[in-house]
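Chemist: Got a structure here, written out as structure tokens. Questions coming.
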Amino acid sequence: MKTMRLICAMLCVLLFCPQVAAAPAEDVKSAVGAVAYFSYDNTDAVPEDNIELKGYGDKDKGYNATQGDGDLYASVDGKEYRKLEWTKDGYSGVGIQPAMTGGARHPWGEGAFLEVRLSTVGWYDLTFSAQLGATNKGPRDFQLQYSLDGKSYTNVGEVQSLSDNKLMEKLFVHVPLPAEAENVEMLYIRIAVVGDETVGGMQGFIGTTSGEVAVNEVMVDGSYLAEIAEGGTDISFPRIPVVIGAGIGAVAVAGIVVVIVCKKRKTAKTEEK
């Protein structure tokens, strides 16, 4: 009987005083898909229209993720944000695509980029994917980078190059991001234009006023940390509300609800005569 009372008392401590409970032996992780996914639908889109007309955000506040939370920015010179417009012509097999374009008022400059900004709080084992394309006069080479402050950037992997005119290519496919990028309030993932050669083989596109880079199907995915023992939110294994009073408690352990019933046994009282 004393043993059962002790068990009940320990359960109450674990359930209602998690700060004194022991930490879990290991974190429980559950893959739940994309942290942020940018998939822009060209159905009924008009060539050369700003994609914001389809409700996808804008260049200054960022183009919105279509799944999850995050924003996509573009710049042809590394200084000012550039709008994403539907391309004038379709790309092979996929039709018109969102693109940033060089122009008379916005020539290509050093430091051009496409950049995703998002929170990764609670997320681990992150990877990055994106489809890119360009016209013959657009840049050919790209370097994936990340930053924690938006100022200092670190390269991830090798330079990737486009191979043909107006062809959307899976340039980055589930590229692992460093552990430093996990569980942070703000992460900057940049696709930086590098080198000075176009898809068509021309040297010296910096300063030119034509050419485009198309982007779509951008995804940051990973595993979500379920902090069960610490009372955090676990979207895969919901924590069950506990009602103590009838002596019944429930605790979630690795997705299984274990119910412990603690009942007080009645004992006969003896009277001294």
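Chemist: Within the set of other residues whose C-beta is less than 12 Å from the C-beta of residue 200, count the net charge using Lys and Arg as +1 and Asp and Glu as -1. Each step should come with its number before you reach the end.
Modeler: Numbers: positive: 137, 140, 166; negative: 164, 197.
For residues surrounding residue 200, the net value is +1.
Chemist: Still on this model: Each residue of region 83-100 in order: what ³J(HN,Hα) in whole Hz does its phi give by Karplus 6.51 cos²θ - 1.76 cosθ + 1.60, θ = phi - 60°, with x for Gly and Pro?
Modeler: After applying 6.51 cos²θ - 1.76 cosθ + 1.60, I find 6, 9, 10, 5, 4, 5, 10, x, 9, 3, x, 10, x, 5, 9, x, 8, 9 Hz.
Chemist: Can you tell me the order of 79-86, 194-201, 157-164 when each peptide is scored by its average per-residue count of other Cβ atoms within 10 angstrom, highest first?
Modeler: Numbers: 79-86: 19.1, 194-201: 17.1, 157-164: 14.2.
The most tightly packed comes first, giving 79-86, 194-201, 157-164.
Chemist: List the GluC sites (Glu not before Pro) within region 159-195 that DSSP assigns to loop and that have no more than 10 neighbouring Cβ atoms inside 10 Å. Write down the numbers at each step before the final one.
Modeler: Working: sites: 169, 180, 182, 185; in loops: 182, 185.
Those satisfying the criteria are 185.
Chemist: I've got another one for you. Kindly state, to the nearest 0.05, the FRET efficiency for residue 104 paired with residue 151, given R0 = 25 Å and r defined as their beta-carbon distance. Can you show the working numbers first?
Modeler: Working: r = 30 Å, r/R0 = 1.20.
Calculated transfer efficiency: 0.25.
Chemist: Okay, moving on. I'd like the FRET efficiency for residue 124 and residue 81, computed as 1/(1 + (r/R0)^6) with the beta carbon distance as r and R0 of 30 Å, rounded to 0.05.
Modeler: Values: r = 30 Å, r/R0 = 1.01.
E(calc), rounded to 0.05, equals 0.50.
Chemist: Kindly write out, for region 177-182 in residue order, the coupling ³J(HN,Hα) from the Karplus curve 6.51 cos²θ - 1.76 cosθ + 1.60 (θ = phi - 60°), rounded to whole Hz, with x marking Gly and Pro.
Modeler: Karplus-based 3J(HN,Hα) across region 177-182 equals 9, x, 4, 4, 7, 7 Hz.
Chemist: What is the gain in length, in nm to one decimal, between residue 186 and residue 48 on full extension, counting 0.36 nm per residue of separation less the C-alpha to C-alpha distance?
Modeler: On the way: separation 138, 0.36 × 138 = 49.68 nm, distance 3.17 nm.
Difference between extended and current length: 46.5 nm.
Chemist: Could you list log10 I(q)/I(0) for region 30-226 at q = 0.10, 0.16, 0.19 Å⁻¹, which the Debye formula gives when each Cα is one point scatterer?
Modeler: -0.37, -0.98, -1.37
Chemist: What's the extension gain from residue 197 to residue 88 if we count 0.36 nm per residue and subtract their Cα-Cα distance? Write down the numbers at each step before the final one.
Modeler: Working: separation 109, 0.36 × 109 = 39.24 nm, distance 2.22 nm.
Residue separation times 0.36 nm, minus the Cα-Cα distance, leaves 37.0 nm.
Chemist: When Lys and Arg each count +1 and Asp and Glu each count -1, what net charge do the other residues less than 14 Å away from residue 34, Cβ to Cβ, add up to?
Modeler: Numbers: positive: none; negative: 69, 125, 217, 221.
Summing Lys and Arg as +1 and Asp and Glu as -1 gives -4.
The numbers here are math on the coordinates, done by the rules we state, and not lab data. Nothing here was measured: the structure is a model prediction, and the numbers come from that model. As a convention, Cβ positions derive from the backbone with ideal geometry for all residues, glycine included, and neighbour counts pool all protein chains shown.
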